[in-house]
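Trainee: Encoded as structure tokens, here's the structure I'll be asking about.
The values are calculated or read from the model by the stated rules, or taken from the named source; none is laboratory data. These numbers come from a predicted model, not from an experiment. Positions of Cβ are backbone-derived with ideal geometry, glycine not excepted, and every protein chain shown enters the neighbour counts. Accessible surface is based on the protein model in full, side chains and every heavy atom, while ligands, DNA and RNA are left aside. Shrake-Rupley method; radii C 1.70, N 1.55, O 1.52, S 1.80 Å.
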Amino acid sequence: QVELVESGGGLVQPGESLRLSCAASGNIFRISSMGWYRQAPGKQRELAAFITNGGMTNIADSVKGRFTISRDNAKNTVYLQMNALKPEDTAVYYCNVEIADRPTTGIKAYWGQGTQVTVSS
């Protein structure tokens, strides 16, 4: 059994910052890529950023220069540092982590429960 626990969402004003965390726990043999997606009301879920197990990152154009993704492999945790937040960043943010729970099984994608980020004055 694998569990992802997210934290760090909240209500902030435009221009402020938030840091999201997502910690994976349970039966974990190996973690591959880790990422953050977001879903605004009435819109499809979209990728915000991901990071490979080698540290390579891919940041969506809409948040490039403002969001940074990082990971702590010792803690099985991925972070999303969000700076200069805008009202259009308002969404539920979900972490997505690719995990193999045994040496003999393949990679499976797991989703966090989601954390609300609201940017409003």
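Trainee: If you go through the stretch 79-99 one residue at a time, do you hit one that is loosely packed, with under 14 Cβ neighbours inside 10 Å and among the polar types (S, T, N, Q)?
Mentor: No; the residues of the stretch 79-99 include none that is loosely packed, with under 14 Cβ neighbours inside 10 Å and among the polar types (S, T, N, Q).
Trainee: To continue, here is another question. Out of the residues in the stretch 1-17 meeting the condition of being part of a strand (DSSP E or B) and under 21 Å from Asn76 (Cβ atoms), tell me which one is most open to solvent (accessible area, probe 1.4 Å).
Mentor: The residue in question is Glu3.
Trainee: Right, something else. Can you pull out the residues in the stretch 46-68 that are within 18 Å of Ala109 (Cα to Cα) and outside any loop (DSSP other than H, G, I, E, B)?
Mentor: Glu46, Leu47, Ala48, Ala49, Phe50, Ile51, Thr57, Asn58
Trainee: Kindly indicate whether any position in the stretch 77-99 is touching a residue at least 60 places away in the same chain (Cβ under 8 Å), among the charged types (D, E, K, R), assigned to a strand (DSSP E or B) and on the phi < 0 side of the Ramachandran plot.
Mentor: So far as the stretch 77-99 goes, yes, one or more of its residues are touching a residue at least 60 places away in the same chain (Cβ under 8 Å), among the charged types (D, E, K, R), assigned to a strand (DSSP E or B) and on the phi < 0 side of the Ramachandran plot.
Trainee: When only residues in the stretch 29-44 that are out of contact with any Leu (no Cβ under 6 Å at 6 or more places or on another chain) and crowded, with 16+ Cβ neighbours inside 10 Å count, which is farthest from Gln116 (Cα to Cα)?
Mentor: It comes out as Ile31.
Trainee: Could you pull out the residue among Phe50, Phe67 that is free of Cβ contacts under 8 Å to residues at least 40 places away in the same chain and open to solvent by less than 80 Å² (accessible area, probe 1.4 Å)?
Mentor: Phe67
Trainee: Then there is this: Going through the stretch 23-80 one residue at a time, which ones are of a type in the set (Gly, Ala, Ser) and under 27 Å from Arg102 (Cα atoms)?
Mentor: Listed by number, the residues that qualify are Ala23, Ala24, Ser25, Gly26, Ser32, Ser33, Gly35, Ala49, Gly54, Gly55, Ser70, Ala74.
Trainee: Here's something else I'd like to know. Every residue in the stretch 100-119 that is outside any strand (DSSP E or B), farther than 13 Å from Gly8 by Cβ, open to solvent by less than 60 Å² (accessible area, probe 1.4 Å) and of a type outside the set (Val, Ile, Thr), please.
Mentor: Listed by number, the residues that qualify are Asp101, Gly106.
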